Amino acid sequence: MAELTHRIARIDDLPALHALMGRAIEALQQDFLTPEQVRASHKVMGLDSQLVRDGTYFLVERDGQIAGCGGWSWRATLFGGDDSVIEREPAPLDPATDAARIRAMYTDPGFVRQGVGRMILALCERAAADHGFRRAEMMATLSGVPLYRACGYEPIEQVSAGPIEGVMVPLVRMGKVLAA
């Protein structure tokens, strides 16, 4: 098996990223959400292309195939993508007082349990710490919580997004102190 590699995402990666995210939402959420919640999740989750324009969004690849993606942000938005119903806030965060945001983490269903998510988290945490952030926060899907807990994130609060088509989508806001 070839080694996992990583790089910063480019605008021309957006179609492949959107396709990966759709597959991941459909396949990886089904053990945690109802079919209606999975459908509604497409309106909550997704890629905020501002992360790609900011140069803070990573791809992990194996043999030229995107295995996963995720990023971090110095902007106030905690979650939500270009096509989501979640309002985004582009205001900059202060690394001395605010937590960096870990955003839009997805693993292709064909690459789960192969270290992709851990690799992306490590890349994001390192980059955020290099920019002076001492903490990171994210809005986790229920399917992501076990990985994030294993990587040192603790739940801060349970929330629900919606209603979307009459459905609430459960999420967990999580945080972690970053290594210096």
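The values are calculated or read from the model by the stated rules, or taken from the named source; none is laboratory data. Note that this is a predicted model, so its numbers are computed, not measured. Here the Cβ positions follow ideal geometry from the backbone for every residue, glycine too, while neighbour counts run over all protein chains shown.
A single entry from THR56, THR77, THR107 fulfils the requirement of being within 23 Å of ILE164 (Cβ to Cβ), in contact with a helix residue (DSSP H, G or I) (Cβ under 9 Å, 6 or more places away or on another chain) and among the hydroxyl-bearing types (Ser, Thr, Tyr): THR77.
Number of residues in region 65-84 that are closer than 8 Å to ASP48 by Cβ and charged (D, E, K, R): the value is 1. Pairing residues of region 38-53 that are under 11 Å from ASP82 (Cα atoms) and of a type in the set (S, T, N, Q) with residues that are at pLDDT 95 or above and crowded, with 23+ Cβ neighbours inside 10 Å, at Cβ distances under 8 Å and at least 6 apart in sequence or on separate chains, gives GLN50/SER73. Checking each residue in region 26-51 for being buried (at least 22 other Cβ atoms within 10 Å of the Cβ) and of a type in the set (Val, Ile, Thr) picks out only VAL44. Screening PHE133, PHE79, PHE111 for residues that are buried (at least 19 other Cβ atoms within 10 Å of the Cβ), over 29 Å from PRO15 (Cα atoms) and either without any contact (Cβ under 8 Å) to a residue 24 or more places away in the chain or not basic (Lys, Arg) (or both) leaves exactly one candidate, PHE133.
Hey, could you check region 138-161 for residues that are in a strand (DSSP E or B) and buried (at least 19 other Cβ atoms within 10 Å of the Cβ) and say which is farthest from the chain's Cα centre (by Cα)? In this case the residue turns out to be ALA161. Taking the criterion of being under 21 Å from ARG88 (Cα atoms) and assigned to a helix (DSSP H, G or I), the residues of region 121-137 that qualify are CYS124, ALA128. Among the residues of region 53-71, just one is farther than 21 Å from GLN114 by Cα and crowded, with 22+ Cβ neighbours inside 10 Å, namely THR56. Only one entry in ARG10, ARG101 is on the phi < 0 side of the Ramachandran plot and in contact with a Leu (Cβ under 8 Å, 6 or more places away or on another chain), namely ARG101. Consider region 162-180 and keep the residues that are over 17 Å from the mean Cα position of the chain (by Cα) and in a strand (DSSP E or B). The one that is farthest from VAL38 (Cα to Cα) is VAL177.
Listed by first and then second residue, the pairs linking a residue in region 167-180 that is without any contact (Cβ under 8 Å) to a residue 60 or more places away in the chain and more than 12 Å from ALA128 (Cβ to Cβ) to a residue that is surrounded by 15 or more Cβ atoms within 10 Å (Cβ to Cβ) and of a type in the set (D, E, K, R), with Cβ atoms under 7 Å apart and 6 or more places separating them unless they lie on different chains, are MET174/GLU137.
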